[in-house]
Amino acid sequence: MFMSEKLIQGIRDSVAEFYERRPVGKVDFDGQEENAIRFIRRLEQGNFTQAENPYNHFCVYFAAYDPKLKEVFIGHHKKSGLWLFNGGHIDEGESPQEALEREMGEEWGIEMTADEVGGSSLLTITDVENPGRQQCTLHYDIWYFVPVNKVEFEPDEELLSKEFYQTDWKSIADANELITDENTILAIREIVNRLEK
């Protein structure tokens, strides 16, 4: 498959997964339907990766959480100054799933397949307001939620320290106290929804 075709198909799959999860009769929740439409429109523009378009491009987030302890693994991000989950840009030639696997290895030092993680569960669009530190102005984010056992989850601290001042496990309440980014708040809500099932 041609390089950008993998990315296009992966993003279309993520949008399709959104519609499959959408509650019957519910018009929109947290702007997700609007985001799905914006994702499709953005696909029509081409130049999907940071290398092709340094201003707006596609990214993946991967949010680790412990379903038994009801805790999330978040960090104080160096570039943004925000408390965020892990994530990164999709590189040329990658599907979102391949980017997910690569980024988990780069940031956590853990090999895990996209199949082990499962499909994407959230689509967000982030206005990046960090002039001088980042050239990006807009991220199209595809979210994956990674249930783990906190005791067995051992990400590489050295790798994490490249992008985060600190990382730690937090209760949902404690995470909500730290998080100000609206898309990360949506991710917390998605985790809460999963915990309530």
In segment 140-184, residue surrounded by the fewest Cβ atoms within 10 Å (Cβ to Cβ) [restricted to those that are at pLDDT below 95 and among the hydrophobic types (A, V, I, L, M, F, W, C)]: Trp143
Residue check, Glu107 acidic (Asp, Glu) and touching a helix residue (DSSP H, G or I) at 6+ places or on another chain (Cβ under 9 Å): yes
Some residue of segment 118-127 being within 12 Å of the chain's Cα centre (by Cα), under 22 Å from Lys170 (Cα atoms) and modelled with pLDDT under 90: yes
Test set (1) in a loop (DSSP other than H, G, I, E, B); (2) modelled with pLDDT of 90 or more - Arg133 fails condition number: (2)
Count of residues meeting criterion [under 20 Å from Ile74 (Cα atoms) and polar (S, T, N, Q)] in segment 96-129: 4
Answer residue from segment 31-75, given it is basic (Lys, Arg) and in a loop (DSSP other than H, G, I, E, B) and is surrounded by the most Cβ atoms within 10 Å (Cβ to Cβ) among those: Lys70
Selection count where residues are outside any loop (DSSP other than H, G, I, E, B), under 18 Å from Tyr140 (Cα atoms), in contact with a strand residue (DSSP E or B) (Cβ under 8 Å, 6 or more places away or on another chain) and not small (Gly, Ala, Ser), scope segment 78-101: 5
Subset of segment 67-87 (residues that are closer than 17 Å to Asp156 by Cα and aromatic (Phe, Trp, Tyr)): Phe73, Phe85
Number of positions in segment 60-81 that are touching a helix residue (DSSP H, G or I) at 6+ places or on another chain (Cβ under 8 Å) and either of a type in the set (Lys, Arg) or over 18 Å from Ala173 (Cβ atoms) (or both): 4
Condition check for Thr113: in contact with a Cys (Cβ under 9 Å, 6 or more places away or on another chain), polar (S, T, N, Q) and touching a residue at least 12 places away in the same chain (Cβ under 8 Å): no
Number of the exception - Cys136 against (1) surrounded by 11 or more Cβ atoms within 10 Å (Cβ to Cβ); (2) under 26 Å from Glu94 (Cα atoms); (3) touching an Asp or Glu at 6+ places or on another chain (Cβ under 9 Å): (3)
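The values are calculated or read from the model by the stated rules, or taken from the named source; none is laboratory data. Values in this document were obtained by computation on a predicted structure and should not be read as measured data. Please note: Cβ atoms are built from the backbone with ideal geometry, for glycine as well, and neighbour counts cover all protein chains shown.
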